[in-house]
Amino acid sequence: MVEIKARAWNDGVMANVRSILMLHGIVQSVEVFVSGGKTEVWSIFDSVEFYTGVQDKDNVEIYEGDIVVDETGYVAEIYFSKILFAWCTINAQGERLYLNEVAWIFEDGKCSTVKRIGNIHDNPEMMRQ
């Protein structure tokens, strides 16, 4: 079973999400963990990204917005398509693929052929042509 986790970004700051308030499928606010185990509510934020349920070959959790590279050198951003209702990738050339269309090996929530190398917030240059 996939554990439901999320992270939120606001002005370049990432925080793990404790709870989410949604209305008609749109995130209205997030309660995030801040220093000292305290929480605060963000009603203004840049994005909320969900955990894919998959870890890379180093056991690092992969979230939406993460940038990964496989053993062939294919670099892509992970995102969730609301139209396809599936986890997908998009590379710097704009090519979109379902996760099951790439030659990655998934077993027990781990992808042994992929390494997380960054995310679109801290490393946007990785996704430029």
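The values are calculated or read from the model by the stated rules, or taken from the named source; none is laboratory data. Everything numeric here is computed off the predicted structure, so don't read it as measured data. With ideal geometry, Cβ positions are generated from the backbone for all residues, glycine too; neighbour counts draw on all protein chains shown.
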Selection within segment 37-52 - surrounded by 11 or more Cβ atoms within 10 Å (Cβ to Cβ) and either out of contact with any strand residue (DSSP E or B) (no Cβ under 9 Å at 6 or more places or on another chain) or of a type in the set (Ser, Thr, Tyr) (or both): THR39, SER47, TYR51, THR52
Across segment 87-129, what is the total count of residues that are part of a loop (DSSP other than H, G, I, E, B) and on the phi > 0 side of the Ramachandran plot? 3
Quick check: is even one residue across segment 35-53 without any contact (Cβ under 8 Å) to a residue 60 or more places away in the chain and more than 23 Å from GLY12 (Cβ to Cβ)? yes
Give me the pairs: first residue in segment 98-124 and under 17 Å from GLY73 (Cα atoms), second residue in a loop (DSSP other than H, G, I, E, B) and among the basic types (Lys, Arg), beta-carbon distance under 8 Å, and six or more apart or on different chains, which are they? CYS111/LYS57; SER112/LYS57; THR113/LYS57; VAL114/LYS57; LYS115/LYS57
Which of the residues spanning segment 68-85 are under 29 Å from HIS24 (Cα atoms) and either touching a helix residue (DSSP H, G or I) at 6+ places or on another chain (Cβ under 7 Å) or not aliphatic (A, V, I, L, M) (or both)? GLU77, TYR79, PHE80, SER81, LYS82, PHE85
Filter segment 110-129 down to residues that are over 11 Å from GLY65 (Cα atoms) and out of contact with any Asp or Glu (no Cβ under 9 Å at 6 or more places or on another chain), then give me how many there are. 3
Quick test of your reading of the structure: LYS82 fulfils all but one of (1) touching a residue at least 40 places away in the same chain (Cβ under 8 Å); (2) closer than 17 Å to TYR51 by Cβ; (3) loosely packed, with under 14 Cβ neighbours inside 10 Å. Name the failing condition by number. (1)
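Name the one entry in THR72, THR52 that is among the β-branched types (Val, Ile, Thr), within 25 Å of MET126 (Cα to Cα) and part of a strand (DSSP E or B).
Every option except THR52 fails the conditions.
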Go through segment 53-72 and count every residue that is at pLDDT below 90 and surrounded by fewer than 17 Cβ atoms within 10 Å (Cβ to Cβ). 3
Scan segment 88-105 residue by residue and report those that are over 19 Å from HIS121 (Cα atoms) and at pLDDT 80 or above. GLU95, ARG96, LEU97
Just to be sure, is ASN16 among the polar types (S, T, N, Q) and assigned to a strand (DSSP E or B)? yes
